Amino acid sequence: MTTMATAQVPAGDFLVGTALLLTLSFVWIGCAHAADDWVQAYHEARIEQVCEEVRAAGYDWVPGKTSMTVFTPHELSRLLALQLSIDHEDSADNALVVRSFVSTDLPSAFDWRTLDGVTPPKHQGSCGSCWAFASLGALEAVIKIHGGVEFDLSEQQVLSCATQGCGCQSGSVVHAWQHQRKHGAIRESCMPYQGSDTVPCIEDQCEVVAVTREWGHIPGQIEQIKAAVYEYGPVTTTMHAYTDFLYYTEGCYEHQGDDASNHAVVIVGWDDNACEGDGAWLIKNSWGQSWGLGGYGWIKYGSCNVGRYNQIVYFYPASGLLVDAVAVDDTAAGDGDLRLDPGEDGTIEVTLRNELLAPVRTGIHAQLSSVSEDLTIVNDQATCGTLEPDGISALSPGFKVAVNPFAAIGTEVSVYLNISADGGFTIADTLTFLIGDLPVLLVDDDGSTVAAPFLKEALKEGGYRYEYWSTESQGTPPASRLVPHSVVVWLTGVAGGFSGEEQQVLAAFLEAGGSLLSSGQDLYYSVQGIGNQQQRLFYQNVFHAGYIAGATGFRQIMGTTDDPVGDGLRFGIGAGNGSGIQEYPSEIRLYGGAVPILTYDGEETAALRWEGDSRLVYFAFGLEAANTLNDRVAILSRALEWLVPVWPDIEQPSVSVITPNGGEAWLTGETETIVWESSDNDMVIGVDLLLSRDGGQSYTETIATAQPHSGEYTWSVSGAASQEASVLAIAYDASGLRNADTSDEAFTIVAAQGEFAYELGYPSVFYESTHIELTLPGDERVDLQVFDVCGRCVRTLLDGGTPVQAFEFAWDGSDDSGNVLPAGIYFVRLLRREWERQGYISRLVFLH
């Protein structure tokens, strides 16, 4: 039987009034609250008890009847049993923006209510949906502050449609924002709140009025929280709501205890002078306007863990045209691994999204330009058709690109994408790609993305080169995307888990012989606890683990003696400079030959490794929560070195052309020595030498191939004359990695043809003068000049003259001004005017 007496519930508790109260009646199971003397008696007795506790503890707050005293103890127990998915956002995910809020002149008290920067408090009823109310309370506030519009947004949309959350049992403010980033937020009037997560989702029938795009984590330091609230707007936070909090009416609330968070609220201000000078946060609650001070309350800094986990959402107008997805297709002219490798041709495929609140877009045009010498754009123009609001379309054709064959593995290349549309709309974006396959693929599959920044830091500190993949922005990576990497580090962190698709991908990767490191607390809950039978077998058959307990509260971990991963390790979790979030580390049992590598306090298993055709290391807690960076580096390094006994060679050889390197003059028919330097972390197994006669635009002639690592090659100069010659040296190692270098500047190749020649006379090494004999096939206009080693013309002996067929010049070592030149090396050049580029050079040594 379900009844309700609305007269006993103040209308102010619910913004939508009596009509909504009637829809809520089926949630409040039991007899009518006002008519039940035992409910009133229960709360009166409880209030008296709390009053005694407050007096005994010396607290400065007043218990009394509130909007929550109409609920039965059973209903309240369901409400306060909420398990929050704590969000500690601090990563490079595309939805997360790390902004520094630092103010040196913060006031001692601040209240967004006085600046009309908040919307009225609402009532969540007996559904554990505080996370939805907190997320929308913060969003409504920043829209009002930065957009100048007040919306009453629908929490029921979040409960019914944001399937990442668990509705009335648990949830995350980020789950709400993630959903609204993709689908938008709608008005309360279209999907009224019913306090149930079984209500059908009808958001498609409602007008979208707001959208989220970016949010971030605010560290738990008081000054940083205050700066964020003051500089931008209200932020969400979590706390542990003890049962006496239900009866708060006024004053500065506090309660001793360090229990895990079970309630989410919004911080809208502070007062450093409250709580007898200890300071307090002003929070907006979701228990109706008859709780506390019209729905608000003061909580002492740090009490009940308030202010430990904080999130801020940013105002976003959602009226633009954005890059929705980027992919690489190398199947036509590459190895088909859907990424760019050295020497490959590929296609960059870009999909655009017209945002939810944007106008219809027509005349969309895009141009791609490279900012890296390692990537050449072959075709740089593309278009797409008309895009309606929330419309998605791929640019066509895809952008054809070519990768430098000598690009280093792991080179980051960037391209600029400039997009325009009718009406004068323009936007620019930068797309970044990694060349080749790095040994480690770091997959961030953490619903709260807490793990990635700590693991990135540990990988970098340990000297491991990695590529990052976010399932939030990029979706589930296919198994083929994992295979090229030596090891995959898959993080489920705090709130993440493996979907059915992800389980299939990981199973296929391991079946193909891959090596996997998986880390994350409470993984059992997401995989085995709420999955179907097939998914439950994944935990046992693929991860070789069984669940014993979650939320163990363990904080000290030690390694298994003589284990290659765990031996000698001892560390703490949940404190220090780690993530600090480790509420649900799991205790596991072993299956299928798995062995323990870490234990909680030397007893219960905390991590395992398994070896067969593949290798697996599974940590049943989050590595990100290890207390120090040194701990995280040590744990990660031990695991990776066991998972990958032999790391692939990704280091290119180095090579440098020494000679010719610019300014030399080599005669055809003579022998010259090409000199280079090369090295490799393993060994250079060969060097190829190529020649360009067009200033390095093309190297079409091969001088020598597969030269040993000697650094020298004697070349008999041949071929056509050129004043823009250049040598290219290509070194390669046993892994097929290559690198190249060219002459820094052009050198000259001199070639004799027919009867056209000149000879140095007597003596060629001289003290006072030398003779130059010139032979021509006929009357021709020629230049005869002397140059120093810097390429400067110091003496013109003949300037466009037409000497007889045989002619002799004498040079006394002076310049055109008659000054005697210093001793050294000089060059004589003969240039035929009829063939402007055909020249002949000889070298003289001038001694005084």
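A simple spin-label model places the labels of Ala512 and Asn577 3.8 nm from each other, with each point 7 Å out along Cα-to-Cβ. Sorted on the mean count of surrounding Cβ atoms within 10 Å across their residues, most packed first, peptides 367-379, 733-745 read 733-745, 367-379. If you sort the three axes of the alpha carbon gyration tensor as a ≥ b ≥ c, you get a/c of 1.5 or more for the stretch 548-651 and a/b no higher than b/c, which makes it oblate. Given R₀ = 45 Å, what would the calculated FRET efficiency be for Ala408 paired with Val789, taking r from the Cβ atoms and rounding to 0.05? In this case the efficiency is close to 0.80.
When Met683, Met239, Met558, Met68 are arranged by Cβ crowding within 10 Å, least crowded first, meaning fewest neighbours, the order is Met683, Met558, Met68, Met239.
Considering the zone a paramagnetic label at Ser614 would reach in this model (a point 7 Å from Cα along the Cα-to-Cβ line), which residues of the stretch 576-607 have amide N under 20 Å from it? It comes to 589-597, 607, nothing else. For the pair His146 and Thr386 in one chain, pulling the backbone fully straight at 0.36 nm per residue adds 83.4 nm over the alpha carbon distance. Highest mean first, the peptides 433-445, 112-124 sorted by other C-beta atoms within 10 Å per residue fall in the order 433-445, 112-124. Projecting label points 7 angstrom from Cα along Cα→Cβ for Glu724 and Asp812 puts them 4.0 nm apart.
Per-residue ellipticity at 222 nm from helix content only, as computed over the chain with -39500 (n - 2.57) for each DSSP H run of at least four residues, stands at -5000 deg cm²/dmol. In straight-distance terms, cross-link reach from Lys144 covers every one of the aspartates and glutamates whose alpha-carbon lies under 18 Å from its own, apart from those fewer than eight places away in the same chain; here that gives Asp111, Asp116, Asp152, Glu155, Glu188, Glu214, Glu231. Computed extension gain for Ala56 through Ala109, at 0.36 nm per residue and net of the alpha carbon distance, reaches 16.2 nm. When Kirkwood radius over Cα pairs in Å is calculated for this entry, the matching label among (i) 37.7; (ii) 32.5; (iii) 30.9 is (ii). Exceeding 29 Å between C-alpha atoms, which entries from my cross-link table qualify? They are Lys122/Lys182; Lys65/Lys226; Lys65/Lys300; Lys122/Lys300; Lys122/Lys226; Lys122/Lys456. Table pairs above 29 Å Cα-Cα are Lys65/Lys226; Lys122/Lys456. A Förster radius of 35 Å combined with the Cβ-Cβ distance from Thr668 to Ala706 puts the calculated FRET efficiency at roughly 0.90.
Computed packing ranks the peptides 339-345, 670-676 as 339-345, 670-676, most packed first, by mean other Cβ atoms within 10 Å.
Each reported figure results from applying straightforward, stated rules to the coordinates on display, with no laboratory input. Owing to the predicted nature of the structure, the values given are computational and were not obtained by experimental measurement. Positions of Cβ are backbone-derived with ideal geometry, glycine not excepted, and every protein chain shown enters the neighbour counts.
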